[in-house]
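In what follows, a structure is listed as C-alpha coordinates, so that the remarks can point back to it.
The values are calculated or read from the model by the stated rules, or taken from the named source; none is laboratory data. Remember, it's a predicted structure, so these values are computed and weren't measured experimentally. Cβ placement follows ideal geometry from the backbone for every residue including glycine, while neighbour counts extend to all protein chains displayed. SASA here: full protein model, heavy atoms, side chains in, ligands and nucleic acids out. Shrake-Rupley method; radii C 1.70, N 1.55, O 1.52, S 1.80 Å.
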Amino acid sequence: MRQRKPVFFAVLAAALYAVNSPFSKLLLENLSPTMLAALLYLGAGTGLFLMGIVQKRTGAAQKEMPLTRRELPWTIGMVALDIAAPISLMAGLKLTSAANASLLNNFEIVATSLIAFSAFKEKITKRLFIGILLVTAASILLSVEDIRSLSFSAGSLLILLACIFWGLENNCTKKLSSKNPLEIVVIKGFCSGAGSLGIALAVGEFSFALPHAFLALFLGFVAYGLSIYFYIYAQRYLGAAKTSAYYAVSPFIGTALSLVVFREIPSISFLTALAVMIAGTCFVSKAEGSGT
(Lines give C-alpha, C1' and ligand atoms only; values in the text may rest on other atoms or scores of the structure.)
Protein backbone atom coordinates (compact mmCIF):
# COMPACT_ATOMS: atom_id res chain seq x y z
CA MET A 1 0.00 0.00 0.00
CA ARG A 2 2.89 2.33 0.85
CA GLN A 3 4.36 1.79 -2.64
CA ARG A 4 1.06 2.45 -4.43
CA LYS A 5 0.91 6.12 -3.49
CA PRO A 6 4.25 7.14 -5.09
CA VAL A 7 3.40 5.02 -8.16
CA PHE A 8 0.07 6.86 -8.43
CA PHE A 9 1.89 10.19 -8.12
CA ALA A 10 4.32 9.17 -10.90
CA VAL A 11 1.47 8.20 -13.26
CA LEU A 12 -0.50 11.35 -12.36
CA ALA A 13 2.58 13.46 -13.12
CA ALA A 14 2.85 11.67 -16.48
CA ALA A 15 -0.80 12.33 -17.36
CA LEU A 16 -0.54 16.03 -16.49
CA TYR A 17 2.63 16.46 -18.55
CA ALA A 18 1.08 14.66 -21.53
CA VAL A 19 -0.96 17.74 -22.46
CA ASN A 20 2.26 19.72 -23.01
CA SER A 21 3.21 18.76 -26.59
CA PRO A 22 -0.16 19.09 -28.36
CA PHE A 23 -1.17 22.37 -26.70
CA SER A 24 2.34 23.87 -26.85
CA LYS A 25 2.34 23.09 -30.59
CA LEU A 26 -0.82 25.17 -30.92
CA LEU A 27 0.64 28.05 -28.89
CA LEU A 28 3.81 28.06 -31.02
CA GLU A 29 1.70 29.50 -33.84
CA ASN A 30 1.65 32.78 -31.88
CA LEU A 31 4.62 32.59 -29.49
CA SER A 32 8.33 31.98 -30.13
CA PRO A 33 9.91 28.79 -28.66
CA THR A 34 12.00 30.76 -26.14
CA MET A 35 9.08 32.93 -25.03
CA LEU A 36 6.79 29.94 -24.68
CA ALA A 37 9.40 28.07 -22.62
CA ALA A 38 9.64 31.09 -20.31
CA LEU A 39 5.88 31.40 -19.87
CA LEU A 40 5.44 27.68 -19.18
CA TYR A 41 7.89 27.75 -16.30
CA LEU A 42 6.66 31.10 -14.98
CA GLY A 43 3.16 29.62 -14.97
CA ALA A 44 4.43 26.64 -12.99
CA GLY A 45 6.14 28.87 -10.42
CA THR A 46 3.23 31.28 -10.07
CA GLY A 47 0.62 28.51 -9.79
CA LEU A 48 2.52 26.58 -7.13
CA PHE A 49 3.36 29.79 -5.22
CA LEU A 50 -0.35 30.65 -5.02
CA MET A 51 -1.14 27.04 -4.10
CA GLY A 52 1.31 27.31 -1.22
CA ILE A 53 -0.40 30.47 0.07
CA VAL A 54 -3.80 28.74 -0.04
CA GLN A 55 -2.41 25.70 1.81
CA LYS A 56 -0.98 27.89 4.58
CA ARG A 57 -4.20 29.87 5.03
CA THR A 58 -6.37 26.75 5.12
CA GLY A 59 -3.99 24.86 7.39
CA ALA A 60 -3.47 22.18 4.72
CA ALA A 61 0.27 22.80 4.36
CA GLN A 62 2.43 19.81 5.32
CA LYS A 63 5.63 20.12 7.29
CA GLU A 64 8.49 19.71 4.84
CA MET A 65 12.23 20.25 5.07
CA PRO A 66 13.34 23.46 3.31
CA LEU A 67 16.28 23.62 0.91
CA THR A 68 19.61 24.54 2.52
CA ARG A 69 22.97 25.84 1.31
CA ARG A 70 24.15 22.22 1.03
CA GLU A 71 21.72 21.63 -1.86
CA LEU A 72 22.78 24.81 -3.70
CA PRO A 73 24.92 23.07 -6.40
CA TRP A 74 22.06 20.67 -7.26
CA THR A 75 19.58 23.57 -7.26
CA ILE A 76 21.73 25.63 -9.64
CA GLY A 77 22.16 22.60 -11.92
CA MET A 78 18.40 21.97 -11.87
CA VAL A 79 17.59 25.57 -12.80
CA ALA A 80 20.19 25.76 -15.60
CA LEU A 81 18.98 22.50 -17.16
CA ASP A 82 15.36 23.64 -16.83
CA ILE A 83 16.26 26.65 -18.97
CA ALA A 84 18.01 24.59 -21.66
CA ALA A 85 15.54 21.67 -21.87
CA PRO A 86 12.22 23.46 -22.58
CA ILE A 87 13.82 25.84 -25.08
CA SER A 88 15.23 22.82 -26.96
CA LEU A 89 11.86 21.06 -26.74
CA MET A 90 9.86 24.04 -28.03
CA ALA A 91 12.34 24.68 -30.86
CA GLY A 92 12.10 21.02 -31.85
CA LEU A 93 8.32 20.96 -31.50
CA LYS A 94 8.06 23.86 -33.94
CA LEU A 95 9.88 21.75 -36.56
CA THR A 96 8.11 18.41 -36.10
CA SER A 97 4.65 17.02 -35.39
CA ALA A 98 3.20 17.00 -31.87
CA ALA A 99 2.69 13.22 -32.03
CA ASN A 100 6.32 12.66 -33.03
CA ALA A 101 7.48 14.98 -30.25
CA SER A 102 5.30 13.24 -27.66
CA LEU A 103 6.64 9.81 -28.52
CA LEU A 104 10.26 10.99 -28.59
CA ASN A 105 9.83 12.24 -25.02
CA ASN A 106 10.22 8.61 -23.97
CA PHE A 107 13.96 9.01 -24.63
CA GLU A 108 14.03 10.82 -21.30
CA ILE A 109 13.82 7.35 -19.68
CA VAL A 110 17.03 6.36 -21.44
CA ALA A 111 18.85 9.54 -20.46
CA THR A 112 17.65 9.47 -16.84
CA SER A 113 18.41 5.79 -16.34
CA LEU A 114 21.88 5.86 -17.92
CA ILE A 115 22.88 8.96 -15.96
CA ALA A 116 21.46 7.46 -12.74
CA PHE A 117 23.51 4.31 -13.44
CA SER A 118 26.79 5.92 -14.52
CA ALA A 119 26.93 8.91 -12.20
CA PHE A 120 24.83 7.89 -9.20
CA LYS A 121 25.25 4.08 -9.21
CA GLU A 122 21.52 3.26 -9.42
CA LYS A 123 20.94 -0.31 -10.58
CA ILE A 124 20.02 -1.11 -14.19
CA THR A 125 18.62 -4.62 -14.59
CA LYS A 126 18.80 -6.78 -17.73
CA ARG A 127 15.17 -6.10 -18.61
CA LEU A 128 15.61 -2.37 -18.06
CA PHE A 129 18.68 -2.46 -20.34
CA ILE A 130 16.66 -4.22 -23.09
CA GLY A 131 13.93 -1.61 -22.63
CA ILE A 132 16.49 1.17 -22.99
CA LEU A 133 17.80 -0.36 -26.23
CA LEU A 134 14.26 -0.64 -27.67
CA VAL A 135 13.33 2.92 -26.72
CA THR A 136 16.59 4.15 -28.26
CA ALA A 137 15.92 2.21 -31.46
CA ALA A 138 12.40 3.66 -31.70
CA SER A 139 13.77 7.17 -31.08
CA ILE A 140 16.28 6.74 -33.92
CA LEU A 141 13.49 5.52 -36.22
CA LEU A 142 11.40 8.57 -35.38
CA SER A 143 14.37 10.87 -35.98
CA VAL A 144 15.40 9.57 -39.43
CA GLU A 145 14.03 11.76 -42.19
CA ASP A 146 15.49 9.86 -45.17
CA ILE A 147 16.88 6.36 -44.55
CA ARG A 148 18.60 6.34 -47.96
CA SER A 149 20.81 9.31 -47.16
CA LEU A 150 20.72 8.80 -43.37
CA SER A 151 19.54 12.37 -42.81
CA PHE A 152 18.01 13.19 -39.47
CA SER A 153 15.17 15.55 -38.57
CA ALA A 154 16.45 18.71 -36.88
CA GLY A 155 13.24 18.91 -34.85
CA SER A 156 13.62 15.35 -33.55
CA LEU A 157 17.27 15.89 -32.67
CA LEU A 158 16.37 19.01 -30.66
CA ILE A 159 13.74 17.03 -28.75
CA LEU A 160 16.27 14.27 -28.02
CA LEU A 161 18.67 16.95 -26.76
CA ALA A 162 15.90 18.24 -24.47
CA CYS A 163 15.45 14.68 -23.15
CA ILE A 164 19.17 14.49 -22.31
CA PHE A 165 18.95 17.82 -20.48
CA TRP A 166 15.93 16.56 -18.55
CA GLY A 167 17.68 13.26 -17.82
CA LEU A 168 20.44 15.25 -16.13
CA GLU A 169 17.87 17.47 -14.43
CA ASN A 170 15.91 14.48 -13.09
CA ASN A 171 19.03 13.23 -11.35
CA CYS A 172 19.74 16.69 -9.90
CA THR A 173 16.15 16.88 -8.65
CA LYS A 174 16.50 13.42 -7.08
CA LYS A 175 19.13 14.92 -4.77
CA LEU A 176 16.48 17.41 -3.62
CA SER A 177 13.50 15.05 -3.43
CA SER A 178 13.55 14.81 0.38
CA LYS A 179 12.95 18.56 0.55
CA ASN A 180 9.75 20.57 0.14
CA PRO A 181 8.38 19.75 -3.37
CA LEU A 182 6.38 22.96 -3.51
CA GLU A 183 9.45 25.06 -2.75
CA ILE A 184 11.44 23.19 -5.41
CA VAL A 185 8.81 23.79 -8.10
CA VAL A 186 8.48 27.48 -7.21
CA ILE A 187 12.26 27.88 -7.53
CA LYS A 188 12.25 25.91 -10.79
CA GLY A 189 9.39 27.97 -12.16
CA PHE A 190 10.53 31.48 -11.29
CA CYS A 191 14.29 31.01 -11.80
CA SER A 192 14.13 28.91 -14.98
CA GLY A 193 11.28 31.01 -16.35
CA ALA A 194 13.20 34.22 -15.68
CA GLY A 195 16.30 32.73 -17.33
CA SER A 196 14.35 31.79 -20.46
CA LEU A 197 12.66 35.22 -20.47
CA GLY A 198 16.10 36.87 -20.35
CA ILE A 199 17.19 34.79 -23.35
CA ALA A 200 13.99 35.73 -25.21
CA LEU A 201 14.75 39.41 -24.60
CA ALA A 202 18.40 38.99 -25.62
CA VAL A 203 17.59 37.29 -28.94
CA GLY A 204 14.68 39.61 -29.78
CA GLU A 205 11.94 37.00 -29.33
CA PHE A 206 10.02 38.76 -26.55
CA SER A 207 6.28 38.98 -27.27
CA PHE A 208 3.30 39.18 -24.99
CA ALA A 209 0.01 38.57 -26.77
CA LEU A 210 -2.28 38.49 -23.72
CA PRO A 211 -4.70 35.65 -24.62
CA HIS A 212 -1.92 33.31 -25.70
CA ALA A 213 0.36 34.34 -22.81
CA PHE A 214 -2.34 33.54 -20.23
CA LEU A 215 -3.03 30.19 -21.89
CA ALA A 216 0.71 29.42 -21.79
CA LEU A 217 0.89 30.34 -18.09
CA PHE A 218 -2.05 28.04 -17.30
CA LEU A 219 -0.58 25.22 -19.39
CA GLY A 220 2.69 25.68 -17.50
CA PHE A 221 0.90 25.41 -14.15
CA VAL A 222 -0.73 22.10 -15.17
CA ALA A 223 1.90 20.44 -17.38
CA TYR A 224 5.00 21.64 -15.52
CA GLY A 225 3.96 22.87 -12.06
CA LEU A 226 1.56 20.17 -10.89
CA SER A 227 3.37 17.48 -12.90
CA ILE A 228 6.77 18.29 -11.36
CA TYR A 229 5.19 18.58 -7.90
CA PHE A 230 3.86 15.01 -8.05
CA TYR A 231 6.99 13.75 -9.85
CA ILE A 232 9.20 14.90 -6.97
CA TYR A 233 6.97 13.13 -4.45
CA ALA A 234 7.28 9.93 -6.49
CA GLN A 235 11.07 10.29 -6.79
CA ARG A 236 11.36 10.54 -3.03
CA TYR A 237 10.28 6.91 -2.68
CA LEU A 238 11.04 5.32 -6.06
CA GLY A 239 14.34 6.85 -7.19
CA ALA A 240 15.09 8.62 -10.49
CA ALA A 241 15.18 5.54 -12.75
CA LYS A 242 12.00 3.90 -11.38
CA THR A 243 10.01 7.13 -11.43
CA SER A 244 10.98 7.65 -15.06
CA ALA A 245 9.81 4.11 -15.83
CA TYR A 246 6.29 4.81 -14.57
CA TYR A 247 6.40 8.27 -16.11
CA ALA A 248 6.88 6.57 -19.49
CA VAL A 249 3.11 6.43 -19.97
CA SER A 250 3.12 10.21 -20.59
CA PRO A 251 4.38 10.15 -24.22
CA PHE A 252 1.69 7.65 -25.22
CA ILE A 253 -1.06 9.81 -23.73
CA GLY A 254 0.48 12.83 -25.43
CA THR A 255 0.72 10.98 -28.74
CA ALA A 256 -2.96 9.98 -28.62
CA LEU A 257 -3.98 13.56 -27.78
CA SER A 258 -1.82 14.93 -30.59
CA LEU A 259 -3.30 12.61 -33.20
CA VAL A 260 -6.80 13.64 -32.13
CA VAL A 261 -6.14 17.39 -31.82
CA PHE A 262 -4.32 17.69 -35.16
CA ARG A 263 -6.21 14.89 -36.93
CA GLU A 264 -2.92 13.40 -38.07
CA ILE A 265 -2.72 10.11 -39.94
CA PRO A 266 0.35 8.25 -38.62
CA SER A 267 2.88 6.93 -41.16
CA ILE A 268 4.12 3.34 -41.34
CA SER A 269 7.46 4.35 -39.79
CA PHE A 270 5.64 6.14 -36.96
CA LEU A 271 3.48 3.08 -36.23
CA THR A 272 6.57 0.84 -36.31
CA ALA A 273 8.36 3.16 -33.88
CA LEU A 274 5.25 3.21 -31.69
CA ALA A 275 5.21 -0.61 -31.51
CA VAL A 276 8.93 -0.73 -30.65
CA MET A 277 8.46 2.04 -28.07
CA ILE A 278 5.58 0.15 -26.42
CA ALA A 279 7.70 -3.00 -26.27
CA GLY A 280 10.57 -1.04 -24.73
CA THR A 281 8.29 0.54 -22.16
CA CYS A 282 6.88 -2.88 -21.22
CA PHE A 283 10.40 -4.18 -20.62
CA VAL A 284 11.16 -1.14 -18.48
CA SER A 285 8.00 -1.60 -16.38
CA LYS A 286 8.59 -5.33 -15.90
CA ALA A 287 12.17 -4.70 -14.98
CA GLU A 288 11.10 -2.31 -12.25
CA GLY A 289 8.54 -4.78 -11.00
CA SER A 290 10.73 -7.89 -10.93
CA GLY A 291 14.14 -6.46 -10.07
CA THR A 292 15.88 -9.02 -12.29
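Values for this structure:
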| quantity | calculated |
| --- | --- |
| Spherically averaged projected area in nm², based on the convex hull that wraps the Cα atoms of the range 164-292 | 10.4 nm² |
| Spatial separation of Cα centroids for the range 234-286 and the range 28-85, in angstrom | 25 Å |
| Accessible area of the range 1-61 belonging to carbon and sulfur atoms, whole % at 1.4 Å probe | 65 percent |
| Partner lysines for K56 [C-alpha distance under 28 Å; skip if fewer than 8 residues away on the same chain] | K5, K174, K175, K179, K188 |
| Cα gyration tensor shape of the range 89-180, rounded if a/c is under 1.5, else prolate or oblate by comparing a/b with b/c | oblate |
| Cα convex hull volume per residue for the chain (Å³) | 135 Å³ |
| Stretchable slack from N30 to V54, in nm (0.36 nm times residue separation minus alpha-carbon distance) | 5.4 nm |
| Convex hull volume of the range 200-274 per residue (C-alpha atoms, cubic angstrom) | 168 Å³ |
| R69 versus A194: modelled label distance in nm, points set 7 Å from Cα along the beta carbon direction | 2.0 nm |
| Average accessible surface area per residue within the chain, 1.4 Å rolling probe, Å² | 46 Å² |
| Given 15 as the ceiling on other Cβ atoms within 10 Å, longest exposed-site-free region of the chain for chymotrypsin sites (Phe, Trp or Tyr not before Pro) in DSSP loops | 1-205 |
| Long-range amide H partners of S32 with built H, under 5 Å | none |
| Amide H partners (placed H, <5 Å) of F152, local residues excluded | E145 |
| The chain: DSSP helices with Cα axial extent of at least 27 Å and average Kyte-Doolittle hydropathy no lower than -0.5 | 33-58, 72-95, 154-174, 268-290 |
